[in-house]
Amino acid sequence: MPYPENKDFQELLEDLASALANKRPFAVYRKPNETRVKAVFQDSNALNLALSFDEEGFIFAPFDWQDNAILIQADKVATSSYEANSGPVGEVDELSEKGKQPFLKLVQKGVTQIKQGDLKKVVLSRKIDLEFHQSPLEVFQRLLENYAQAFCYLFHHPKVGTWCGASPETLVHIDNGELRTMSLAATLPYLEGVQPQWGSKEVEEQEMVSGYILKQLSEIAHGLEMETVKSSKAGNLWHLKSEISGKLQSSTTIKDVVKALHPTPAVCGIPTKEAKKFIQDHEGYPRTFYTGFLGELNLEETASTSLFVNLRCMEIEAGKASVFVGGGITSASDTEKEWTETQNKSKTLLNILQFVSH
């Protein structure tokens, strides 16, 4: 691995702007609750894949991952410290109701399928397209300012596209055989000074996710422990979260762990195969990298790996930004409430886009 250069943040932004202009692949990111921003630059615009997960660089995998995870090779690595100082961007003026009826019908289809007994849970989503003409670097900087507890990133590859986001969910962190992950589910809006009141639907949804993760990991790890469920704030939302830890069996690889966990019930459903088929048959658009996973691969001196679920994300194209939002559907789901949940989730990025565009 190339020794990372330490840079002033402004200097790092200039390097990133140059890579964008010259159509060179890069990924820049900051892990939750850290002040260090790291950028991985690839010298050529070759499309590399992470096949063994022994590679070094930044990995960007789709929802339908089948050995097609993009790898930004670590030809150059730069770091910078960044302290947020400008405060929140403010709320979006008005949320559009466009796409509401098709989404309500989709949710109802999901509930019907669950009641027929094939599924226990399915995660259904929608895409919001907006006009957007600013630099993705401005969006990334605002994400850093506003979402200190999230994994904030900007990914660019001329043959893949430009994506950015602020994900609240760890897929897995592995360091010296020690594994950490989380069970994250259920959503309520954050209100200043008010503790969330969770209903049985949210509690059940979180328990489903926890049970699935523990079952999947039990075959490749030992000493598994799950902390008590807590309310966890992510931007303007609350979620239910349990931290899970354990020790990998000596023969277990990073790829084995990812295969066991992805896609999690928090982005797909239970049972996984049936939920994925329902999503692909009925959602009406290809998710591509939304609800995939991403993060650094073997970049730290200890060869640790930190991967995150690609949530609260958007794709930026010429003149357009596409924001992706979804929610977990169970037999107890109410279609109107599920719509409201996606509206609340959309604010994470819509607030940023409105601020940058004005």
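The values are calculated or read from the model by the stated rules, or taken from the named source; none is laboratory data. As the structure is a prediction and not an experimental result, all values here were calculated from the model. Note that each Cβ is placed from the backbone with ideal geometry, even for glycine, and that neighbours are counted across all protein chains shown. We work out accessible area using only protein heavy atoms, side chains counted, and drop any ligands, DNA or RNA first. Shrake-Rupley method; radii C 1.70, N 1.55, O 1.52, S 1.80 Å.
Going by the conditions given, is Gly319 open to solvent by less than 10 Å² (accessible area, probe 1.4 Å) and touching an Asp or Glu at 6+ places or on another chain (Cβ under 9 Å)? Talk me through it step by step, then tell me what you get.
Values: open to solvent by less than 10 Å² (accessible area, probe 1.4 Å): no; touching an Asp or Glu at 6+ places or on another chain (Cβ under 9 Å): yes.
No, not satisfied.
Among the residues that make up region 215-222, is at least one of them over 17 Å from Val122 (Cα atoms), open to solvent by 20 Å² or more (accessible area, probe 1.4 Å) and assigned to a strand (DSSP E or B)? Give the derivation first.
As a first pass, look at region 215-222 and keep what is over 17 Å from Val122 (Cα atoms): 215-222.
So of that shortlist, the ones also open to solvent by 20 Å² or more (accessible area, probe 1.4 Å) come out as 215-216, 218-220, 222.
Among the residues that remain, those that are also assigned to a strand (DSSP E or B) are: 222.
Looking through region 215-222, at least one residue is over 17 Å from Val122 (Cα atoms), open to solvent by 20 Å² or more (accessible area, probe 1.4 Å) and assigned to a strand (DSSP E or B).
Out of all the residues in region 58-100, which are part of a loop (DSSP other than H, G, I, E, B) and within 26 Å of Glu274 (Cα to Cα)? Working first, answer last.
To start, the set of residues in region 58-100 that are part of a loop (DSSP other than H, G, I, E, B) comprises 62-68, 74-75, 82-99.
The answer is Pro62, Phe63, Asp64, Trp65, Gln66, Asp67, Asn68, Gly99.
Residues of region 244-258 being assigned to a strand (DSSP E or B) and among the basic types (Lys, Arg), which ones? Before you say what the answer is, go through the steps one by one.
Taking region 244-258 and keeping what is assigned to a strand (DSSP E or B), we get 244-248.
The one that is assigned to a strand (DSSP E or B) and among the basic types (Lys, Arg): Lys247.
Matching residues to (1) modelled with pLDDT of 95 or more; (2) open to solvent by less than 20 Å² (accessible area, probe 1.4 Å):
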residue: Pro2; (1), (2): no, no
residue: Glu14; (1), (2): yes, no
residue: Ala21; (1), (2): yes, no
residue: Arg24; (1), (2): yes, no
residue: Tyr29; (1), (2): yes, yes
residue: Pro32; (1), (2): no, no
residue: Thr35; (1), (2): no, no
residue: Asp43; (1), (2): yes, no
residue: Phe63; (1), (2): yes, yes
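How about region 135-190: which of its residues are part of a helix (DSSP H, G or I), over 19 Å from Trp238 (Cβ atoms) and not aromatic (Phe, Trp, Tyr)? Before the answer, list the steps.
Going residue by residue through region 135-190, those that are part of a helix (DSSP H, G or I) are 136-146.
This time we only want the ones that are over 19 Å from Trp238 (Cβ atoms), so: 136-145.
Within region 135-190, Pro136, Leu137, Glu138, Val139, Gln141, Arg142, Leu143, Leu144, Glu145 qualify.
As an exercise: evaluate Lys121 against (1) open to solvent by 20 Å² or more (accessible area, probe 1.4 Å); (2) under 28 Å from Ile254 (Cβ atoms); (3) at pLDDT 90 or above; (4) not aromatic (Phe, Trp, Tyr) and give the number of the one condition it does not meet.
(1)
Working only within region 4-34, note down all residues that are without any contact (Cβ under 8 Å) to a residue 24 or more places away in the chain and either farther than 14 Å from Ser80 by Cβ or in a helix (DSSP H, G or I) (or both).
Scanning region 4-34 gives Gln10, Glu14, Ser18, Ala21, Asn22.
Could you please tell me which pairs satisfy a Cβ distance under 7 Å, a separation of 6+ or placement on different chains, a first residue in region 35-57 that is more than 18 Å from Phe293 (Cα to Cα), and a second residue that is of a type in the set (S, T, N, Q) and open to solvent by 40 Å² or more (accessible area, probe 1.4 Å)?
Note: pairs meeting the criteria are Thr35/Ser81; Arg36/Ser81; Gln42/Gln73.
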